[in-house]
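Below is one structure; the comments refer to it alone.
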Amino acid sequence: MDRPGTAPLLPPLPGTARSLADQVATSVRDGVRTGALVPGRLYSAYQLADELGVSRSPVREALLRLAETGMVVLERNRGFRVHRPAPREIAEIFELRLLLEVPVAVRVAGAPPPGLAAALHHELRAMRTAATDDEEATFMTHDRRLHDLVLTAGGNHRLVATVGHLREVTRLLGASTVGRSRDLGAIAEEHLPLVRAIETHDPGAAGDAMREHLEHTGRLLLAQEVAASPGEPLDADGLWAEVVGGSA
């Protein structure tokens, strides 16, 4: 990419039936998650194609998809950069997630499909195990699956994809509240009221649980990014109230 003479950052892709563009996008996401691709650094799309062992067409398609989610920024005739969301973007993302995910949780809890509660408990147990083992990547995979189960049960596949795109933008932040304001175990337990509300067919409790979890996560991530942002100091609570609403 922009480091000639060094070892490849990303491994070549296997020849499978799955779309090459999908594989490229997944490889870039994994590179962001592991830290192989650093936010702000310029990378060459041509070198990415060489390293992954594919033509330039699927790389261009994958980068266009990732640019639509906000995960990368394309620079014409130069390459791409991984985009780290600014504080206001984080607040805007969580405002959208609250608007989308809370009503779905309410609707799903009113008439959950067979097997949903059991599947949610399975993911919650996996999250607790990963927390005990301090496996953050595994934990976040099961966290994402738990949310996806609820959203998919809502029956709106475009909404599922939209929330997935929103999560992609903040994915490189990971569970960055870990070790600073809460640990993985605490994050897992924030999901328990939601799972129980769906299990007991309690729409009001499900909406409250989803709202509280998303607000807590969003406020913590926003506060940490504000603290790490250069320039004039920002008021995280004030920014949250301005964008999302509620008390500062």
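Within the chain, what percent of beta bridges assigned by DSSP are antiparallel, to the nearest 5?
75 percent
What nm distance separates the two modelled labels at THR200 and ASP183, each placed 7 Å from Cα along Cα→Cβ?
With each label point 7 Å from Cα toward Cβ, the separation is 2.8 nm.
Could you tell me how far the Cα centroid of segment 180-248 sits from the Cα centroid of segment 32-72, in Å?
Comparing the Cα centres of segment 32-72 and segment 180-248, I get a distance of 30 Å.
By how many nm would the segment from THR138 to ALA67 grow when fully extended, if each residue of separation counts as 0.36 nm and the alpha-carbon distance is taken off?
23.0 nm
Once every DSSP H run of n ≥ 4 in the chain is given -39500 (n - 2.57) and the sum is divided by its residues, what mean residue ellipticity at 222 nm do you get, rounded to the nearest 500 deg cm²/dmol?
-21000 deg cm²/dmol
For Rg and Dmax of the Cα atoms in Å, pick the label among [x] 20.8, 68; [y] 19.2, 59; [z] 17.6, 53 that corresponds to the value derived from the coordinates.
For Rg and Dmax of the Cα atoms in Å, the calculated option is [y].
With each label point set 7 Å from Cα along the Cα-Cβ vector, what nm distance links GLU212 and GLU190?
The two pseudo-label positions are separated by 1.2 nm.
Note down the Stokes-Einstein diffusion coefficient of segment 17-145 in µm²/s, whole number, using a Kirkwood radius over alpha carbon pairs, 10 °C, and 1.306 mPa s.
Translational diffusion coefficient: 92 µm²/s.
Report the extension gain between ASP30 and ARG145 in nm, rounded to one decimal, defined as 0.36 nm multiplied by the number of residues separating them, less their alpha carbon distance. Mind showing how you got there, number by number?
Details: separation 115, 0.36 × 115 = 41.40 nm, distance 1.65 nm.
Extending this stretch completely gives an extra 39.8 nm.
For the chain, with the dipole built from +1 on Lys and Arg beta-carbon atoms and -1 on Asp and Glu ones, taken about the Cα centre, which of ASN77, LEU116, ASN156 lies farthest toward the positive end?
ASN77
Checking understanding here: applying a Kyte-Doolittle mean of at least -1.0 and a length along the axis of at least 18 Å (C-alpha), which whole DSSP H helices in the chain pass?
Helices passing the filter in the chain: 20-34, 56-69, 87-110, 116-132, 136-153, 157-171, 203-228.
Once amide H atoms are placed 1.01 Å from N in the peptide plane, what residues at a sequence separation of 5 or more from VAL72, or on another chain, have their amide H within under 5 Å of its amide H?
When sequence neighbours closer than 5 places are left aside, the close amide H contacts are ALA67, HIS83.
For segment 20-82, take the convex hull of the Cα atoms, compute a quarter of its surface area, and give me that in nm², please.
For segment 20-82, averaging the hull's shadow over all directions gives 3.6 nm².
Read-outs: derived from the displayed coordinates by stated rules, not from any lab. Note that the structure is predicted; figures quoted are calculated from it, not measured. Note: ideal-geometry Cβ built from the backbone for every residue, glycine included; neighbour counts use all protein chains shown.
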